[in-house]
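The values are calculated or read from the model by the stated rules, or taken from the named source; none is laboratory data. Everything numeric here is computed off the predicted structure, so don't read it as measured data. FYI the Cβ positions are ideal-geometry reconstructions off the backbone, even for glycines, and counts take in every protein chain you see. When the accessible area is computed, the model is the full protein with side chains, heavy atoms only, and any ligands, DNA or RNA have been set aside. Shrake-Rupley method; radii C 1.70, N 1.55, O 1.52, S 1.80 Å.
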Amino acid sequence: MARKIEGTLYKLTYTANWHTFVECSSKEDLFRYIAQERANGQFVTSVNEICKDGSTPKVKVYTDKEFKQILKQCVKEV
């Protein structure tokens, strides 16, 4: 089943060179997803945004203040 991607598409790379693609409606949504993965024992090593023009700029996650706050909340919940 095909569908149009409405949000922003990101490529997440994990420690074992394993990749997954996620669609997020906001940067906060992306941060929550990565924080949940981290709380579940999965470590995301890099994040790239997939742009419509084909470029794949790197997204800074672990140095972002908003992500650090979200990660603290997720760790407390687990």
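Here the dipole of the chain is about 140 debye; that uses its Cα centre as origin and unit charges on the Cβ of Lys and Arg (positive) and Asp and Glu (negative). Return the FRET efficiency for the residue pair GLU6, GLN36: r is the Cβ-Cβ distance, R0 is 30 Å, and the value is rounded to the nearest 0.05. For R0 = 30 Å, the calculated efficiency reads 0.90. Relative to the longest principal axis of the Cα atoms of the chain, the long axis of helix 65-77 lies at roughly 60 degrees. Axis of helix 27-39 versus longest Cα principal axis of the chain: the two differ by about 50°, to the nearest ten degrees.
Note on LYS65 and TYR14: their simple-model spin labels are 3.2 nm apart, each label 7 Å out from Cα toward Cβ. A 1.4 Å probe run over the protein chains yields, for the stretch 20-78, 69 Å² of accessible area per residue, whole-number rounding. When a 1.4 Å probe is rolled over the protein heavy atoms, the share of accessible surface on the stretch 5-78 that falls to carbon and sulfur comes to 49 percent. A cut-off of 5 Å between modelled amide H atoms, ignoring neighbours fewer than 5 places along the same chain, links VAL59 with VAL47, ASN48, GLU49.
Candidate values (1) 12.7; (2) 15.8; (3) 13.1 were compared with Kirkwood radius over Cα pairs in Å computed on the shown model; the agreeing label is (3).
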